[in-house]
Amino acid sequence: MRPGPLFRRVVNRSCPTVISNRTFQSSSLRSGNQRTTVTPYYDGNDFVRDRSQLIPRSLYHQPEHWTDEPEYPEIVPPRKTRAFVNYERHKEAEKVAAMPTVKEKMAHFAFGPPLVNPLKVYIARQAKLDIRRWYQIFQPYEIEGFPVKYDALPFYKHITRTAVVADQLPADYYAYIEEAELNDIVDKVRQTVINAILAEGRYYSKNLDQIPVEERVVVVQAQNVIDALVRAVNLAVGKDFPHLREMQQDTDTRCAAFWKRGGFLHDAQLKRRIYDKASGELMLQYIEEDNIFRNFRHELPLPEVLPRESCVPSAATEQAEGRQVGYNPTIYGFRPEKSIPHWIPGHWFGDPCEFSTLSLDVPKAWTRQLSGQDEAQAFESLACNAIMASFGRIVAQAMYLGFTFLNELSYPIVTQSIMTNGRDWMFATYQANTIALWKPDEENPFNNMCWLTQPVKLFDRVEGSEVIGFNDEVLRLFIKQYLKAPVTSTNSNLRPYIEKTERSYWKNEHSQTPFYHRPTRRDGKPRQPFKPEI
Amino acid sequence: MATKTYPLWKPGGPQLRIFLPDFYMKLVRPARAIPPNMAHFKIDMKMSKIDVKNYLTKIYNVPVKEVRTHIKKGMLIRHPAGHKVEEPDQKYAFVTMEKNVEFHFPNLFPDVVRQALEKEEEGFSDALNKMRLDKSQKWHRSGAPTWFSV
């Protein structure tokens, strides 16, 4: 019987004591020009499967390989099961969470572990090709906000796990401003907006004289009306609301986000991939087609609308109506496109103001797409666009804060979106509680929520130098959203998965990295080659 | 819709004439799960989205909301001579109807029909086996019919 501790410690191949001892011994012997013999390994067991567990006979009795308490190895669940998928995701999540910078996290998902044929990797290395560039293996479904297909709202609700509260904004959330004060501001602002409409309004009709005055449609340049409105509100009440001075605003920003969504219906074409087989999981890449016209950002997040746990599950409403969700995106006209996963919230990472409070979008397709649709259908299309724009921006923004689809949000993120074509305005408030959508819905306790208004008309028509049917309600809703202040301070850590926030304005860096998806050069020259610096 | 140009009617010509569309549409079972207000068709290569909509609304009164078409490339198949040939391309259409419409692809082979078919197939296979047996037993009369004997 062997004296001392009874349980042998599990030794890895990379155990420093064993490796260093061996190398030292062998190299010293070789330098003496003697014939060496490999040290025989002995484990005390002749029937070993994992040879990495073996240690040299000379080290077998050393005390560091023995413990009083047994140390069991990790239990890996059987492969091709849901448990194994969860286990692998958990390991990957730990790995990503330990990465100190956003850049590394993005690079992990963009270039990740090699999943292609090793022979191809070898050939590409020999030819000095960038393997990810030439053999692009990711084929996420490219999702757009517009054009929206008929009856696509259940699909958009499913891919973002969102419950929609239609025809209203949360009343308690916007009760911070009193009605009298609101009316005062509206009175100060109204004339500026009317002037902007009169200055910008144009008739686009060839036979204008034959159309009666009531039916003539004025098209205004929405961007200029928005500018006038924002400027007027800033002038009127800028001194009373200090957070307006702390905000940053962007113009014409791009927006893109990548995430994985489980819960799609089982598909015979996907049966070879175990992740898909286990959970019906697909990769989705949202790309905003029209640049977001104006985006306001602040250092601190907006307060939450509802507690995180009390949001209504999105699937509940669909199932109550007896409708099934989880159809493949190809059914709604989206195709898998070869692209590198990328996240673009509209600012560089490390920016001091990383929480988007309000964005104003002027979708070009508004008039073109919605002209032939009835009211209910047009509302659905706009709702899809509002959900997708808000969720996409939050996912990209969360990535820059260190949260990924593997590392769940530790606090809800709220944002507000406005869509307009100058005359019709639609307002949305979105609270994201979860971005880990790859999980099955039963395992994820959180749901996202979106409050929406119907499209409201700012004015009816223009007659001469007079705006007919001007609607103060639009101004009231805009002012409520624009003046909503972020939280004053937080006790919690807003970036728990980032150690250092780096801020880089290198020109070369941003043009080189392919996961920013900068537009291609117009002079026809190829883009500069990608040189990873990580 | 018709691509043919028919001769102008003149007095004395046939009065009744049926104009049939030159196109065909075939309802097929979709490969993926699709919503109940959607249907999948194989259609003629010359048909446009507007043609599909007109075909379904004017002839069958289907409340069509949206049509999407795509062309699937024909597969490469190996010719017995050794070279490869490409099968012809095929155009498909996904037709979305109004929300309240519910359509499920019919079960073309219910149990009764399937049983009859299986029975028929069994009969065929029995006959085939019998023929092979006869052939092996009467190998010396190869090429002659089995009923032919001295």
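The values are calculated or read from the model by the stated rules, or taken from the named source; none is laboratory data. Since we're looking at a predicted model, the values are computed, not measured. Cβ sites come from the backbone with ideal geometry, for glycine too, and all protein chains shown count toward neighbours.
Of the conditions (1) surrounded by 10 or more Cβ atoms within 10 Å (Cβ to Cβ); (2) farther than 30 Å from residue A:376 by Cβ; (3) away from chain A (no Cβ under 14 Å), residue B:58 fails just one. Which one is it?
(2)
Filter segment A:148-168 down to residues that are of a type in the set (A, V, I, L, M) and touching a helix residue (DSSP H, G or I) at 6+ places or on another chain (Cβ under 7 Å) and give me whichever is farthest from the other protein chains (Cβ to nearest Cβ).
Checking each candidate, the answer is A:163.
Do we have any residue at all in segment A:225-244 that's outside any helix (DSSP H, G or I), of a type in the set (A, V, I, L, M, F, W, C) and under 23 Å from residue A:488 (Cβ atoms)?
Yes; the residues of segment A:225-244 include at least one that is outside any helix (DSSP H, G or I), of a type in the set (A, V, I, L, M, F, W, C) and under 23 Å from residue A:488 (Cβ atoms).
Taking segment A:328-374, which residues are without any contact (Cβ under 8 Å) to a residue 24 or more places away in the chain and of a type in the set (Asp, Glu)?
Residue satisfying the conditions is A:374 alone.
For (1) closer than 23 Å to residue A:323 by Cα; (2) outside the structural domain of residue A:339 (by TED's automatic domain parsing); (3) surrounded by 12 or more Cβ atoms within 10 Å (Cβ to Cβ); (4) at pLDDT 90 or above, each residue gets a yes or a no:
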| residue | (1), (2), (3), (4) |
| --- | --- |
| A:119 | no, yes, no, no |
| A:126 | no, yes, no, no |
| A:130 | no, yes, yes, no |
| A:155 | yes, no, yes, yes |
| A:158 | yes, no, yes, yes |
| A:163 | yes, no, yes, yes |
| A:174 | no, yes, yes, yes |
| A:178 | no, yes, no, yes |
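Yes/no per residue for (1) within 14 Å of chain A (Cβ to nearest Cβ); (2) in contact with a helix residue (DSSP H, G or I) (Cβ under 7 Å, 6 or more places away or on another chain):
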{"position": "B:7", "(1), (2)": "no, no"}
{"position": "B:17", "(1), (2)": "no, no"}
{"position": "B:23", "(1), (2)": "no, yes"}
{"position": "B:39", "(1), (2)": "yes, no"}
{"position": "B:45", "(1), (2)": "no, no"}
{"position": "B:48", "(1), (2)": "no, no"}
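Among the residues of segment A:438-458, count how many are part of a loop (DSSP other than H, G, I, E, B) and crowded, with 24+ Cβ neighbours inside 10 Å.
Residues that pass the stated criteria total 1.
Can you tell me which residue is surrounded by the most Cβ atoms within 10 Å (Cβ to Cβ) among those in segment B:1-42 that are aromatic (Phe, Trp, Tyr) and under 20 Å from residue B:64 (Cβ atoms)?
Looking at the filtered set, the residue picked out is B:41.
Step by step: first the residues of segment A:326-376, then only those that are in a strand (DSSP E or B) and out of contact with any Ser or Thr (no Cβ under 6 Å at 6 or more places or on another chain), then the one that is farthest from the other protein chains (Cβ to nearest Cβ). Which residue is that?
Of everything passing the filter in segment A:326-376, A:355 is farthest from the other protein chains (Cβ to nearest Cβ).
Suppose we filter segment B:87-112 for residues that are of a type outside the set (D, E, K, R), touching a residue at least 24 places away in the same chain (Cβ under 8 Å) and more than 12 Å from chain A (Cβ to nearest Cβ); how many remain?
Matching residues across segment B:87-112 total 5.
What residue, among those in segment B:61-72 that are within 22 Å of residue A:332 (Cβ to Cβ) and away from chain A (no Cβ under 13 Å), is surrounded by the most Cβ atoms within 10 Å (Cβ to Cβ)?
B:62
Please specify each residue of segment A:359-385 satisfying the condition of being surrounded by 23 or more Cβ atoms within 10 Å (Cβ to Cβ), touching a strand residue (DSSP E or B) at 6+ places or on another chain (Cβ under 9 Å) and not aromatic (Phe, Trp, Tyr).
Within segment A:359-385, A:359, A:360, A:361, A:363, A:382, A:383, A:385 meet the criteria.
Out of the residues in segment A:170-185 meeting the condition of being assigned to a loop (DSSP other than H, G, I, E, B) and in contact with a helix residue (DSSP H, G or I) (Cβ under 7 Å, 6 or more places away or on another chain), tell me which one is farthest from residue B:97 (Cα to Cα).
Selected residue: A:177.
Kindly list the number of the only condition in (1) away from every other protein chain (no Cβ under 13 Å); (2) in contact with a Lys or Arg (Cβ under 6 Å, 6 or more places away or on another chain); (3) not basic (Lys, Arg) that fails for residue B:83.
Evaluating residue B:83 over (1) away from every other protein chain (no Cβ under 13 Å); (2) in contact with a Lys or Arg (Cβ under 6 Å, 6 or more places away or on another chain); (3) not basic (Lys, Arg) leaves (2) as the failure.
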